[in-house]
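The structure appears below as structure tokens.
Since every read-out is calculated from the coordinates, none of them should be taken as a lab result. All of these numbers come straight from a predicted model, not from anything done at the bench. Using ideal geometry, Cβ is built from the backbone for each residue, glycine included, and neighbour counts are taken over all protein chains shown.
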Amino acid sequence: MRLTKGISGFDADHLIEQDMQSFQSMVYHLVTSEQRAKAIQFIDQPRVVYMQAVIQLGDERLTIIHHRLMPYIAFAKFDEEQSFQFITKAHLHKYFPMRKCLTADTLNTLLTQDKELHSLTDLEWKYISHFDSKTIGEVMFNDWD
């Protein structure tokens, strides 16, 4: 996957912010359509480059992450270090029309793989280096300050 300029949240003036209300609507459609599903919490922190919905899906609690500046969706669980552990939930993609649902394999791809394809700015590479980001998912769904 090619990372485009601004996807980290820096140098992103040319990107259009995604709508939290649309994201909430898609999540509510998911939880009303799936058996034993429940929306737990929506998290929208303006300084962070993504929006979140925490849902209960049967016995599993997961987070749905929507990139704030691009139409990308990811699914994750939290690990002990309070970071995202990306997972693939292909059967849930149908609830997010006009959004690209990214797989765990894509998000866990090392930045060094196909590095020449990325069109990130020097400032973005500086933050990647500073925060020691290693994967595409760490760059796309970061909370750098």
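Key figures for this structure:
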{"read-out": "Residues of the stretch 29-49 classified as out of contact with any Asp or Glu (no Cβ under 8 Å at 6 or more places or on another chain) and surrounded by 14 or more Cβ atoms within 10 Å (Cβ to Cβ), total", "value": "8"}
{"read-out": "In the stretch 94-110, the residues that are surrounded by 12 or more Cβ atoms within 10 Å (Cβ to Cβ) and assigned to a loop (DSSP other than H, G, I, E, B)", "value": "Phe96, Arg99, Leu102, Thr103, Asn108, Thr109"}
{"read-out": "Boolean, Ile64 is in a strand (DSSP E or B) and either buried (at least 18 other Cβ atoms within 10 Å of the Cβ) or touching a Leu at 6+ places or on another chain (Cβ under 6 Å) (or both)", "value": "yes"}
{"read-out": "Single match in Phe75, Phe23 (criterion: within 14 Å of Glu138 (Cα to Cα), outside any loop (DSSP other than H, G, I, E, B), in contact (Cβ under 8 Å) with a residue 24 or more places away in the chain and not small (Gly, Ala, Ser))", "value": "Phe75"}
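Residues are listed down the side, and each one gets a yes or a no for (1) touching a residue at least 60 places away in the same chain (Cβ under 8 Å); (2) surrounded by fewer than 18 Cβ atoms within 10 Å (Cβ to Cβ); (3) part of a helix (DSSP H, G or I):
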| position | (1), (2), (3) |
| --- | --- |
| Phe86 | no, no, no |
| Leu92 | yes, no, yes |
| Thr112 | no, yes, no |
| Glu116 | no, yes, yes |
| Leu123 | yes, yes, yes |
| Ser129 | no, yes, yes |
| Ser133 | no, no, no |
| Glu138 | no, no, yes |
| Asp143 | yes, yes, no |
